[in-house]
1. Given the criteria modelled with pLDDT of 95 or more and either more than 9 Å from chain B (Cβ to nearest Cβ) or closer than 30 Å to A:Ala280 by Cβ (or both), does A:Gln201 qualify?
2. Restricting attention to segment A:112-141, which residues are more than 8 Å from chain B (Cβ to nearest Cβ) and of a type in the set (Val, Ile, Thr)?
3. Quick check: anything in segment B:214-226 open to solvent by 80 Å² or more (accessible area, probe 1.4 Å) and modelled with pLDDT under 95?
4. Looking at segment B:97-104, can you tell me whether even one residue there is part of a loop (DSSP other than H, G, I, E, B) and within 12 Å of chain A (Cβ to nearest Cβ)?
5. Are there any strands (runs of 3 or more DSSP E) wholly within segment A:171-266 with 2 or more residues that are charged (D, E, K, R) and under 30 Å from A:Ser90 (Cβ atoms), and if so which?
6. Give all pairs with beta carbons closer than 8 Å in which a residue from segment A:10-22 that is on the phi > 0 side of the Ramachandran plot meets a residue that is assigned to a loop (DSSP other than H, G, I, E, B) and at pLDDT 95 or above; count only pairs at least 6 apart in sequence or on separate chains.
7. Looking at (1) more than 9 Å from chain A (Cβ to nearest Cβ); (2) buried (at least 20 other Cβ atoms within 10 Å of the Cβ); (3) of a type outside the set (D, E, K, R), which is the one condition that is false for B:Thr179?
8. Within segment B:163-173, is there a residue that is in contact (Cβ under 8 Å) with a residue 24 or more places away in the chain, touching a Pro at 6+ places or on another chain (Cβ under 8 Å) and under 30 Å from A:Arg258 (Cβ atoms)?
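The values are calculated or read from the model by the stated rules, or taken from the named source; none is laboratory data. The model shown is predicted, which means the values in this text are computed figures rather than measured ones. Backbone-built Cβ (ideal geometry, glycine too); neighbour counts: all protein chains shown. These area figures cover heavy atoms from the full protein model, side chains too; ligands, DNA and RNA do not enter into them. Shrake-Rupley method; radii C 1.70, N 1.55, O 1.52, S 1.80 Å.
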Amino acid sequence: MAGAIWAVAQLEDGRPKGVSFETVAAAQKLGEALGKPVEAVVMGSGARSAAEAVAAKELEAVRLIDDPKLDPYTPDPYAAAMTRAVEAESPDYVLFPHTYQVRDWVPRLAAALDAGFVSDVVAFRVEEGTPVFVRQPYQGKLNADCVFADEGSDGVRFVSLQAGAYLASDAAAGDAAAEIVEQEIDLGDLETRTEVVDTFQEVVDKVDLSRADVIVAVGRGIGKEERLDIVRELADALGGQLAASRPVCDNEWLPMDRQIGSSGQTVAPKLYLAVGISGAIQHLVGMKNSGTIVAINKDPNAPIFAVSDYGIVGDLFEVVPALTQKVKEARGAA
Amino acid sequence: MNIVVCIKQVPERDARLKVASDGRSIDEAGIATEINESDQYALEAGLRLAEKTDGEVVVLLLGPDRAEESIRRALAMGAARAIHLNDAAFAGGDATATARALAAAVENEGGVDLVLTGLQSDDAGWSQTGVLVAERLGWPSATLIMEIESPEGGRIKVKRELEGGWFQWITLPTPAVLTIQSGIYPVRYATLKGIMGAKKKEIRKVSPSDLGLDASAVGEAGRRVEVRRLYVPEKTAEAEMIEGDAETAAATLVDKLQKKAKVL
């Protein structure tokens, strides 16, 4: 429908991923604020049952793009199919979850249509009829209110939403199932460039951090591998597991299976101590649901403090050994 | 292989950022800079591939005069020469405007087999630019690359990181654009010899007209997304800050964890 807002689902094993419903919830909110109809788009091969799952939500329609070239995922057919669908239907805003997959293909779509793309949005509001999208640049240290520079002119605009920015449970259900519209897209002429050779999970002797009651995580602030020992001693004193943010594992100071965050493990221990971790969003998504969070960092403006219960601003090389000592005393006395 | 590595100069990770008086950008005074982290890994990946294939790495950077420091560092690490998109018209662009300029520079360079860049910048964090460049060039792309094998028969095989601990090996034809995940290979240090040698390497300063681009297509004039306001976020959950020297703070924290949070 011309002028509609689209929520594009992402499938996994033929079913919509949870983030797809977060996108639907966001699209419903934007549609309500702008007075525009909301539709969902489901893309895949043999994706009708996924479309039916999405159609349970309050939507004008679910557009189904079903093509064998859409499985397994590669970027070209996704970008080509959506480019053609947008050209045929002229939606105003197309919303996506900000997943690795979306980052892989949606910029191609934006460039092909010469359209703007506001990625990794954490919230939006509508001011005088214009949507204002909030992003968190500079590793989450600052917020930016963004608007499309071409707002008011014809053409499509793309938006991707950070995981958790909108809640899947807020996606309103419809009174009756939404109509599923088969979007006729012919990808027969599309040359296949990317070939998938193998898709696999890394088989590692994995430390399951999700079972730990106490986790002491160390970040870039530690500076050198040799200095890890003071943090390890604290973890031992607390009877907890040692973990890390991505840069520490990238430097191979700790193995990858100790990594917390969007590309590592997601944990929620009773006590989470973040040592020298600034709190980039990629780390926060992996630990923000922990019971009690303590952050030790030299930068009082570090984003980690915003999700913490207790904070100490200071030199971790002084604070951590002192803390180890106090913990030993407290536990010894208990 | 002829490899172009796109790098960006960004504020250092630990930099204390202040919003400038225009309310839309950061105050650059006294801010130390570095090469964007995942771009450093892209550079390392490019240098390794160039060494294996008897090729060379050309560094491509869009930024003002101050960014020359980052270019020199990349040259010291082993890049052969550099293209510096440095013109007032390039300033203030979003991912769209920047990608337009980068793609034009790759076309202008000619004979490029592979463009590498980081998966996203540590400042703007669009995570779009590399893929936008690919589409503008009409080349295939792949993102979040964890490993690259030597090219064979006009194709290159790469390992991608997917979601939820999954990985994938794919092949794609060259020329292509790859965006590199941090951690792909340990990043080399610039040697003293490299630093001395970098001083003699060519840095070609390029303006929009050198690339056949209208000034209105790049920078602030060419952007699709506008930052209306940049600000320090309001803290949603205020942490209880524990004061005092290390000893005192540690004692206070242990006390609170025992008595209030009851987690010790």
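1. Details: modelled with pLDDT of 95 or more: no; either more than 9 Å from chain B (Cβ to nearest Cβ) or closer than 30 Å to A:Ala280 by Cβ (or both): yes.
So A:Gln201 fails the test.
2. Listed by number, the residues that qualify are A:Val121, A:Val122, A:Val126, A:Thr130, A:Val134.
3. Going through segment B:214-226, the residues open to solvent by 80 Å² or more (accessible area, probe 1.4 Å) turn out to be B:214, B:220.
When the remaining residues are screened for being modelled with pLDDT under 95, the result is none.
Looking through segment B:214-226, none of the residues is open to solvent by 80 Å² or more (accessible area, probe 1.4 Å) and modelled with pLDDT under 95.
4. Filtering segment B:97-104 down to residues part of a loop (DSSP other than H, G, I, E, B) leaves none.
Scanning segment B:97-104 turns up no residue that is part of a loop (DSSP other than H, G, I, E, B) and within 12 Å of chain A (Cβ to nearest Cβ).
5. Qualifying strands (runs of 3 or more DSSP E): A:179-182.
6. From residues that are on the phi > 0 side of the Ramachandran plot, the pairs are A:Gly14/A:Gly46; A:Gly14/A:Ala47.
7. (1)
8. Kept after step one, since they are in contact (Cβ under 8 Å) with a residue 24 or more places away in the chain, are these residues of segment B:163-173: B:170, B:172-173.
So of that shortlist, the ones also touching a Pro at 6+ places or on another chain (Cβ under 8 Å) come out as B:172-173.
Still in the list and also under 30 Å from A:Arg258 (Cβ atoms): none.
No; the residues of segment B:163-173 include none that is in contact (Cβ under 8 Å) with a residue 24 or more places away in the chain, touching a Pro at 6+ places or on another chain (Cβ under 8 Å) and under 30 Å from A:Arg258 (Cβ atoms).
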